[in-house]
1. Under the 0.36 nm per residue contour assumption, what length would be gained going from the current alpha-carbon distance of residue 399 and residue 385 to full extension?
2. Write down Rg/Rh for region 190-280, rounded to two decimals, with Rg from the C-alpha atoms and Rh from the Kirkwood relation over Cα pairs.
3. Would you mind ranking 362, 206, 10 by Cβ crowding within 10 Å, fewest neighbours first?
4. Kindly put 274, 378 in sequence by how many other C-beta atoms sit within 10 Å of each C-beta, fewest to most.
5. Mind giving me the nanometre distance, one decimal, between the label points for residue 88 and residue 303, set 7 Å out from Cα along Cα→Cβ?
6. At residue 170 and residue 15, where each label point lies 7 Å from the Cα along Cα→Cβ, what is the point-to-point distance in nanometres?
7. Given the DSSP H assignment, sum -39500 (n - 2.57) over each helix run of at least 4 residues in the chain and divide by its residue total; what's the result at 222 nm in deg cm²/dmol, nearest 500?
8. When a footprinting reagent is the concern and you count Cβ atoms within 10 Å, what order do 83, 321 take, fewest first?
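Bear in mind these aren't lab numbers, they're just calculated from the coordinates by the rules spelled out. Small disclaimer: the values here were computed from a predicted structure and weren't measured. Here Cβ is always computed from backbone atoms with ideal geometry, including for glycine, and neighbour counts include all displayed protein chains.
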Amino acid sequence: MNEKLRVLICDNDQDRVEDWRSRIAHVLQDQGEVQAFSPAEFGRAVNALNQRVRLAKDDPAKSAAASSTDAARRIDTADVLILDSDLTPDPDSQPGDDPDGDVDSYLVGEVGQDVAHMARAHSRVGSIVVVNQSVKHRTFDLTMTRWRAGAADAYITHDDVDNVGLWNGFGAADYRPWGWPVLSRVHSSVGNFTKTVDLDTSVLECLDLIHDGDSSLTYRQLEALLLDVDDPAAITIRDVARSPSFGIGRLPKDDEASEQLLSIGVWGLRRWLERVVLPAQNVLIDTPHLLQDRPWHARERGNLDSWNADQRIWARRVDGLLEESVNTPASDLLGRQVWNVALMEPEASSGHRVQHDDPVFCEDTSRFESADTATSFESDLEGLFSTRYVAKLSDVDYTPRHRMFQ
């Protein structure tokens, strides 16, 4: 029997905390255990995380010992942590029962992005979601790079706290950006992958990204890690943990066998793979973009409903589709199937051509649409596939708007 997904909600406003808790519980039903810090408890937890930061600089052992009893220990056991972006109480907020003034003492000046970074660096939390960072209404980033180096695993707005697609992948009625993780899966995918590696494991080898002694990664993809490493094949998970962009920068003095650092490195590796490597489609390609590039692999090529009813795009493993080029370790870490582009054989023939009436994949809905109804746009993704498509929903802001082609 699968364990329930443990969700922990954190904010400085009691009413908002309860609203989010009830909405998420409604989506997860008996599949989740949705809990919330009271604002006062959350204030004390943030203070405890700050204490862990200070202790880790001088004595990592004391920091580890403190984490077993301090006010942030519930964060350590959360599979998903939900954080509001603005944690400074405003005049209209409802802090609930807070006789000691812990909300004002510990949350003033704090922002969700910083707490996300502390939680990733100094707790054993699973996925981290930041709500209302910079925008408070559904907004699709047409550059597709805005949150690339963000410490959280997803950035959403209040509207999508209970988005079915965010939690389960398929099943969303409309808005569901493909770049979001599937929150019900991520913690288990990362946990299982972590069991197969250690801090000195080569990143490119463990992800099966070296073929014939070389990798197809571009300099920009490697430079995104902000590491001073001459040989890409020598990059280890320890290096990812010390990456200023996807890790925590400077490492503690005693890091030789740290489970915490391994967790930081693997979560950072996943974000780099998801946000930098996979989108370019030059090294790895996922199911919907593979089908758009090679539509002859669709089960019913002329039936649009079939493309969207096909659960292959959400599957962890897709049987029978280009099995010789499947990248198993990267698929396991991402929680959905991807292929090594370098191992894919050309399939040019009279029947293997992209046709004008083939559907296109919309990045804002994670669905295929007719090319005549979808809107194309120019992203900031590198490579040959920077032009993507959106369904252009009426209740979503698209920025910057000039990127869309009319």
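1. Value of the extension gain: 3.1 nm.
2. 0.94
3. 206, 362, 10
4. 378, 274
5. 5.7
6. About 4.0 nm separates the two model spin labels.
7. Value at 222 nm, helices only: -8500 deg cm²/dmol.
8. 321, 83
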